[in-house]
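One structure is given below, encoded as structure tokens.
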2 protein chains.
Amino acid sequence: MPHRPIAPPVPDPTLAHRTADARLVVRGPDGTPLRRTDVVVEQTAHAFRFGCIGFDLIGLANGETADAPSVFGGASNASAPALADLWLDVFNTATLPFYWGGFERERGRPDTERLLTAARWFAERGVEVKGHPLAWHTVAPAWLRDLPVDEVEAAVRARITRDVTDFAGVVDTWDAINEVVIMPVFDKEPNGLTRLAWDRGRIATIRLAFETAREANPRATLLLNDFDMSTAYECLVEGVLEAGIGVDALGLQSHMHQGYWGEEKTLRVLERFSRFGLPLHLTETTLLSGELMPPEIEDLNDHVVDSWPSTPEGEARQADELVRHYRTLLSHPSVASVTYWGIADEGAWLGAPAGLVRVDGTPKPAYDALRALVRDEWWHAPTTLTTDDDGAVPVHGFLGEYAVTAAGSRAAFTLDGTAAGPVEVRLPA
Amino acid sequence: MPHRPIAPPVPDPTLAHRTADARLVVRGPDGTPLRRTDVVVEQTAHAFRFGCIGFDLIGLANGETADAPSVFGGASNASAPALADLWLDVFNTATLPFYWGGFERERGRPDTERLLTAARWFAERGVEVKGHPLAWHTVAPAWLRDLPVDEVEAAVRARITRDVTDFAGVVDTWDAINEVVIMPVFDKEPNGLTRLAWDRGRIATIRLAFETAREANPRATLLLNDFDMSTAYECLVEGVLEAGIGVDALGLQSHMHQGYWGEEKTLRVLERFSRFGLPLHLTETTLLSGELMPPEIEDLNDHVVDSWPSTPEGEARQADELVRHYRTLLSHPSVASVTYWGIADEGAWLGAPAGLVRVDGTPKPAYDALRALVRDEWWHAPTTLTTDDDGAVPVHGFLGEYAVTAAGSRAAFTLDGTAAGPVEVRLPA
């Protein structure tokens, strides 16, 4: 199945493609247009997925007080309520952890209930949930490590089927498989996924993950994800698409512990990967508010320090870089989602000052800056408009969900740029 | 078409897989076995392809005295006769230059006759000839550079069809396309191949090169070639094979201007690429007998120096490394060919002391060391054996062509390890 690249979409810093105009016709309960009447139009949700990991709030969601050990750290349950407020005030998409070694430490005893409860907690609050990752060579279960490769394959298939099925309807977006560029030649520790990818090949391993997940939940959005932004990932994606594997979106990691990419590199990465014609998700974004990791470190996990504080200069830099980075990402039409890798410095991966909230629970400038984008500059605040003789008002704003209120009654509508004619709403009685 | 990797063949430093045993039965002209007779058994050719570029001898082959300008340098015609003797004493495979920018500087006027003459000159001397490369983004013709991409594709197809057809029977091995990992994102200079690969995708561009060449010469051996030995090339090859493109062998470049890879890295590269189950050709091998290029240089072409001499210490090191390297390569069953990138320091690419022969025409220690491997240690010298009562002698040696002489008469036979029973020869009258 020949796959033809597309001409890369051109970035637009005005973000015109993130907005839409609509002529909103407001009708009363009886269907007649509400003429020359004051109505309040406001945005209620973004179409764009502003994501963040939700690891820190799993305990809170489950009503826990004691802190459970976690494969990727996380803030304490004591901090969680305050973090939850800050989290929900900005983000609409949560990545939850399905690292197999943590999720099914003991074979046959997956942490399903706990994660389901957490996923539902987010869903009830209007947050879309994503699961990460279904297959990865790191944080794989110890019991998998020495299984014959045929049994590894069977276990991978079984795990994907079980979890995608169990979570269907609550978690419908998954990183089906993670970091396949290096997977078959990953040599830091022996593991079953590496042996599987070495034996079967990368493409066959990716196919197995995608087909298994797809069968378990045909409605799911399935991603291929990687930290490798080089030609290696380009070649991998090309081979995968040419092989006819149904990838719904490309995941691009950007853990910038060693320094902000800058606009030029970011746009070049987006250009190269947008050619595949798939939505781009920046799945794992990190910017530091402290000292940068030295450039010679190849595996970020190798950088172990006793103390890595957030500093005033670092925080100012982080806020500036974050705004520049989000503006750049949203300027590119192919980008559909950006997930920040952790709201809290407390329990942050690698102990890095990577969060948007300090260890003491106070928001950093970067938090305020991001909130200002997501909830102010890129948000249609409640605005009073007067309908014309046809009961219509012009609405211009960021794509998403909206509500119009008049005479104590409220109706929802969507601004998605597809409306050919007016958007009609009827206020309930 | 799912492609399954193979278990990588295990290297054997004894080179047992490079040799075979046979029971040779020598018969006289009338068919009766030559019993209890002294016969001389000798090797006449290697099965293994010991290659070197033949660029330096094109002028000699064409009877030229004046030195023609060449896209990749080369020794002077005055030096060529002596170089030819040294060349033919070691190598059995020649790479000839088909850099499109040099071969068809003016559109419609390819250098066909000159290269055909050179190819025949080698063929008459028992040398197998290979053409390099049919498609590459570097040294492409100036007239190609600004053509619309559809015309670039048409020109590439036409060039491949024309040259593979014109040279069929003389040049039956080709690098169908070169350095595709970087091709679509190559940014040092604008060129048509990069635009083609960017627009169509890597795999489609590779498919076009291979299918066009295959149609022009169904018997040809077609290679994919690259300098990139990283996971990027692994991912590219996987995608290409999964897409069902008929690659006959994988070309791996090893221009070690920055230092000998060493046994460990070499074996790891061979292991990773042998998984595809294709023969491996080390197509472009360089070891220096002088100062190494600094490690921070990314594009070897960027290293421009006035003088880069061969030194006694460098020559000793080069000889040692070359022997270690060839032993390592031949120890791996997947390796079918090694081509050294230039016999002469005179006119060497980048002006590097990369040759096996000094500027003054004298052989370096590396030349002698390689010759000692190819013509002594790995060669069955003329050996007198006495046939038994059945007219047979045991032959053990490197795979290749052999001859047996007795009573002034000579017959040829092949030692290829496939003979189930005795190898029978009949001496002519």
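The values are calculated or read from the model by the stated rules, or taken from the named source; none is laboratory data. All values reported here derive from a predicted model rather than from experimental measurement. Please note: Cβ atoms are built from the backbone with ideal geometry, for glycine as well, and neighbour counts cover all protein chains shown. Heavy atoms of the whole protein, side chains included, go into the accessibility calculation; ligands, DNA and RNA do not. Shrake-Rupley method; radii C 1.70, N 1.55, O 1.52, S 1.80 Å.
Right, B:G201: within 14 Å of chain A (Cβ to nearest Cβ), at positive phi and modelled with pLDDT of 95 or more or not? Yes, satisfied. Annotation: B:G400 fulfils all but one of (1) in contact with a strand residue (DSSP E or B) (Cβ under 9 Å, 6 or more places away or on another chain); (2) open to solvent by 10 Å² or more (accessible area, probe 1.4 Å); (3) small (G, A, S); the unmet one is (2).
Taken over region A:158-186, the criterion of being open to solvent by 50 Å² or more (accessible area, probe 1.4 Å) and either of a type in the set (D, E, K, R) or within 21 Å of A:L252 (Cα to Cα) (or both) is satisfied by A:R162, A:D166, A:I182. Looking across region B:258-276, the residues that are within 14 Å of another protein chain (Cβ to nearest Cβ) and either surrounded by 20 or more Cβ atoms within 10 Å (Cβ to Cβ) or touching a residue at least 12 places away in the same chain (Cβ under 8 Å) (or both) come down to B:L267, B:V269, B:L270, B:E271, B:R272, B:F273, B:S274, B:R275, B:F276.
The lone criterion from (1) farther than 18 Å from B:V338 by Cβ; (2) modelled with pLDDT of 95 or more; (3) open to solvent by 30 Å² or more (accessible area, probe 1.4 Å) left unmet by B:E189 is number (2).
Restricting the first member to region A:95-114 and to residues that are surrounded by fewer than 16 Cβ atoms within 10 Å (Cβ to Cβ), and the second to residues that are part of a helix (DSSP H, G or I) and charged (D, E, K, R), the beta-carbon pairs closer than 8 Å and six or more apart or on different chains are A:T112/A:D163; A:T112/A:D166.
The residues of region B:200-255 that are free of Cβ contacts under 8 Å to residues at least 12 places away in the same chain and open to solvent by less than 10 Å² (accessible area, probe 1.4 Å) amount to a single one, B:C235. The residue pairs whose first member lies in region B:174-195 and is not assigned by TED's automatic domain parsing to the domain that holds B:F210, whose second member is assigned to a helix (DSSP H, G or I) and not β-branched (V, I, T), and whose beta carbons are closer than 8 Å, counting only pairs six or more residues apart or on different chains, do not exist in this structure. Within the option set B:A209, B:A155, B:A176, being aliphatic (A, V, I, L, M) and either within 14 Å of chain A (Cβ to nearest Cβ) or touching a Gly at 6+ places or on another chain (Cβ under 8 Å) (or both) holds for one residue only, B:A155.
May I ask you to list the residues in region A:331-390 that are under 28 Å from A:S79 (Cα atoms), open to solvent by less than 40 Å² (accessible area, probe 1.4 Å) and among the hydroxyl-bearing types (S, T, Y)? If the condition is that a residue be under 28 Å from A:S79 (Cα atoms), open to solvent by less than 40 Å² (accessible area, probe 1.4 Å) and among the hydroxyl-bearing types (S, T, Y), then A:S337, A:T339, A:Y340, A:Y367 are the ones that fit. The one condition from (1) surrounded by 20 or more Cβ atoms within 10 Å (Cβ to Cβ); (2) under 22 Å from B:F72 (Cα atoms) that B:H325 does not meet is (2). Among the listed residues B:L236, B:L250, B:L322, identify the single one that is under 21 Å from the mean Cα position of the chain (by Cα) and either part of a strand (DSSP E or B) or within 14 Å of chain A (Cβ to nearest Cβ) (or both). Every option except B:L250 fails the conditions. Each residue in region B:218-233 was checked for being more than 13 Å from chain A (Cβ to nearest Cβ) and either under 23 Å from B:D320 (Cα atoms) or more than 19 Å from the chain's Cα centre (by Cα) (or both), and 1 of them qualify. Restricting region B:374-389 to residues that are part of a loop (DSSP other than H, G, I, E, B) and in contact with a strand residue (DSSP E or B) (Cβ under 6 Å, 6 or more places away or on another chain), the residue that is nearest to B:R410 (Cα to Cα) is B:P382. When the residues of region B:294-311 are filtered to those that are open to solvent by 100 Å² or more (accessible area, probe 1.4 Å) and over 25 Å from the mean Cα position of the chain (by Cα), the one that is farthest from B:Q253 (Cα to Cα) is B:D306.
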